[in-house]
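One structure below.
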Amino acid sequence: MRVLLADDHKLMRKGLCHILSHNSCNIVGEASDGREAIALAWELQPQVVLMDIAMPEMNGIEATRRITDGLASSHVLVLSVHAGRDYFFQSMKAGARGYLQKDCTADELVEAVHQVARGEYYFGVSISENFIQELLFRQEGEDQNAFSLLTSRECEVLQLLAEGWNTKKIAYELNVSSKTVEFHRLQIMKKLNLFTIADLTKYAIREGLTSL
């Protein structure tokens, strides 16, 4: 089974590699941020991408969305420290096949990877059936986090702003004009009712958009 690891902590990747490689998994690549995860997924075509959420440059939820939109044969299993409902819900909306917290057991991790590789869904034992039902069937508009309030591009710009990127650098990275970046910044501030970079940075950290 071909598995791609995406986590910005090298020690975490090393531990995951050790566990999975001893349980019928071939670790075909390792990524330390969302952009690298996307590039390696396209290049290596893994069956499973084990994805962290809070990573630099591009968070795991946005990376999950782009991978699942373009690679039908690659399934994403989110492995995160975040236990909040919104992280789980937005991961599922982005196309993830499973969600585990990082305090799961090695046996549960292995079981989840194998199940997701078969195209099935897997949710950690810490996520109750009632919790899943509540999230999947709650009314549209109840979400009030960054992923629901902002567009995918706005989330991307917000993360880079929070990580200290200037307008010119963001424009170059996203292949857009500086005016477009400024437009997104103003839209973000308007939607969130936040008007300084410091406030945007605090918000991005709180929402798990960045690993700062």
So the number of lysine pairs in the chain with alpha-carbon atoms under 23 angstrom apart, 8 or more residues apart or on different chains, is 15
Quick calc: nm separation of the 7 Å Cα→Cβ label points for Asp69 and Thr151 -> 1.1
With the charge dipole of the chain built from beta-carbon charges (+1 for Lys and Arg, -1 for Asp and Glu) about the Cα centre, the Cα from Ala54, His18, Leu109 projecting farthest to the positive end belongs to Ala54
Per the rule of 0.36 nm per residue minus the C-alpha distance, extending Arg206 to Ser178 adds in nm 7.4 nm
Scoring only Lys, Arg, Asp and Glu (+1, +1, -1, -1) among other residues with Cβ under 13 Å from the Cβ of Met1 yields +1
Here the relative contact order (percent) of region 2-137, from C-alpha pairs under 8 Å and at least 6 apart, is 20
The answer for the longest stretch of the chain without any exposed GluC sites (Glu not before Pro) (DSSP loop, at most 12 further Cβ atoms within 10 Å) is 1-119
Taking Rh as the Kirkwood radius computed over alpha-carbon pairs of region 2-137 and applying Stokes-Einstein at 20 °C with viscosity 1.002 mPa s, one gets a diffusion coefficient in µm² s⁻¹ of 149
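Read the figures in this text as sums done on the coordinates, not as results from a lab. This one's a predicted model, so the numbers in the text were calculated from it and none came from an experiment. For neighbour counting, all protein chains shown are included, and Cβ atoms are generated from backbone atoms with ideal geometry for every residue, glycine included.
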